[in-house]
Each structure stands twice: as C-alpha cells, then as structure tokens.
Amino acid sequence: MTLTAFRAIVLFALCLGSTRADPALDALVAAYPDFLAGYDEKDLIWKDGSRMPLSDGRTGKTFDQLLNDPDIKDQFAIPYPLGGDLKVPALNEDPGRIRNEKFFLKMYGDCRKGDVAKRLAPVAWMPTRHGGTLRVTTVNGVNQRLADAVQELDKVPADMSRYLVPSAGTYNCRTIVNTSRLSVHAFGAAIDINDKLSDYWEWSKGKDGRITWKNRIPATIADIFERHGFIWGAKWYHFDTMHFEYRPELIALARQGWPSPR
C-alpha cells in the first residue's frame, strides 16, 4: 500500500468517526434499507448517491411549522408511545404526524404523476371475514407487512370483526383534510379500518374548536399493527383512530426506549 493510499484510508476513517451516532437516524436508515445508505453531519445519504439535508437550521418551530415545513430530524420531535396502555395525549402530541414530504415522495413516488399506482399490489383483507381486497404499495415491502398483520388480525375474537370489516381503504391520491400536505394514503402505505366505529378529531371538534380525545378501537388490534411496523393515529392529540401507517423507524425507536431518560 502506498503512503498516499494509507493517508486516504486514515482520512476516511477520521471522517466516519467525526459523525456522532444518532439513534433516530440509525433507526431511519435501518427501517428503509432499499433506499438509505447512511448519514453524515449534514445530510441523509440515499443509495442512489443523492443527499437530503438533515436540518434546515431553524430551531424553536411552532407546532404548525413542524407539520407544514419539517426537516428530516423534525420527524422525530415527538416520540411514539408503544403498546396498548393508552393515555390521553398532551396538547399537540402527535407522534408520526410530522412528515418531511420530500422524503416520502422520493421513496414512494408521486401519486399525481402515476408513480404510486404502478407499484401497488393486492392484499387480502380479513379473508375469513370477507373483507375483500386492498391495494398497498410494494415499496419497502409494505404489502407483505400488511399481509403479515392480517394473518394475526384474522384470528382476533369474532366480536372485533366490526372494527376491521369493512376497511375504509388504503391507497388514495389525496391531501390530508383541510391541508395541502399529502396523506400517507397517497403513498399507498396506510390503511383505515372501519370508519363507522372510529373517531377523528375533525369530526369531534366543539363549536369553540376544542378537541376532546376519544377512541373506541380495541388496543389488541393496534398491538398487532405495531408488531408489523404500523403506528396508530389514536395516539395523537389530533386523533384518527381508524388510521394505521407504515413507520417502522418510530416503532423501532419505541422498542429501544428512545429517548432515554436523562
């Protein structure tokens, strides 16, 4: 080995060592191995060689700013509480609702350009209970993760069928109600179970605009979804109890007990 080559290797190692490990970013990279190669001090690095800034340099963002214009790191601003021990979320405690849209567009494609529809695959929904067929993205194997969840959901007690069948749908190229932000349904990576027995904050607001959290969905159903990488909208202050979306990075962090107590 030449001295020049040796110096290059040492420099590369020093550069790697200068990047401090970040549990949230580690979980993000591990969750999407088909797309993400790693990160450094400034950027998320994609396998195609492209980069996305981890931070936009702004601090002290309001909740609305986090929702409407988040950077990559902002997606982890609110930890996801794993498990069926439901507690009423604090004001604006919406783990998972903060989404960097450019990140999801690059990974799943833009439904408005036809990118998502061509990557959908059928998944039998609750087959022993005549739930029909749903279309879900094959990106990140979401279709298989949902199929795996269905195998467990199809075994829950019969009296829980009413919460699951009929499903209120999966893929839908649309924005979130009263916003310009794309729904995770627009990426084919979310499912709504029976909306007739679900609760949604926009439906529940009082005349004064106040929100009273509520949920009727059994935690047993959510536990199964979480085991397969789907977070639950009932754990949001702005609740959407029928909604489950594929966010394995948030589930992985919750299993690690992140963030660790100080």
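The values are calculated or read from the model by the stated rules, or taken from the named source; none is laboratory data. All values reported here derive from a predicted model rather than from experimental measurement. A quick note on method: Cβ atoms are made from the backbone with ideal geometry, for glycine too, and the neighbour counts reach across all protein chains shown. Keep in mind that these areas ignore ligands, DNA and RNA; they rest on the heavy atoms of the full protein, side chains included. Shrake-Rupley method; radii C 1.70, N 1.55, O 1.52, S 1.80 Å.
Brief remarks follow.
- Index of the failed condition, I193 passing every other in (1) over 15 Å from F230 (Cα atoms); (2) modelled with pLDDT of 95 or more: (1)
- Of all residues in the range 184-196, those satisfying the criterion of being touching a strand residue (DSSP E or B) at 6+ places or on another chain (Cβ under 6 Å) and either open to solvent by 30 Å² or more (accessible area, probe 1.4 Å) or of a type outside the set (D, E) (or both) are V184, G188, A189, A190, I191.
- Any hit, the range 197-208, residues being within 19 Å of the chain's Cα centre (by Cα), surrounded by fewer than 18 Cβ atoms within 10 Å (Cβ to Cβ), part of a helix (DSSP H, G or I) and touching a residue at least 12 places away in the same chain (Cβ under 8 Å): no
- The listed residue being over 15 Å from F225 (Cβ atoms), in contact (Cβ under 8 Å) with a residue 12 or more places away in the chain and surrounded by 13 or more Cβ atoms within 10 Å (Cβ to Cβ), out of A147, A124: A124
- Check on V177, in a helix (DSSP H, G or I), of a type in the set (A, V, I, L, M) and touching a helix residue (DSSP H, G or I) at 6+ places or on another chain (Cβ under 9 Å): no
- Which numbered condition T133 misses (of (1) β-branched (V, I, T); (2) free of Cβ contacts under 8 Å to residues at least 24 places away in the same chain; (3) open to solvent by less than 70 Å² (accessible area, probe 1.4 Å)): (3)
- Filter pass, I211 being in a loop (DSSP other than H, G, I, E, B), open to solvent by less than 40 Å² (accessible area, probe 1.4 Å) and farther than 29 Å from R129 by Cβ: yes
- Residue selected from the range 224-235 under the condition closer than 20 Å to G169 by Cα and either of a type in the set (F, W, Y) or surrounded by fewer than 22 Cβ atoms within 10 Å (Cβ to Cβ) (or both), by the criterion nearest to the chain's Cα centre (by Cα): F230
- Counted residues, the range 36-53 - those being open to solvent by less than 50 Å² (accessible area, probe 1.4 Å), part of a loop (DSSP other than H, G, I, E, B) and closer than 25 Å to G141 by Cβ: 1
- Pairs are defined by a Cβ separation below 6 Å, a sequence spacing of at least 6 or placement on different chains, a first member in the range 243-259 that is at negative phi, and a second member that is in a helix (DSSP H, G or I) and surrounded by fewer than 20 Cβ atoms within 10 Å (Cβ to Cβ); the pairs so defined are P248/A31; E249/A31; W258/P23.
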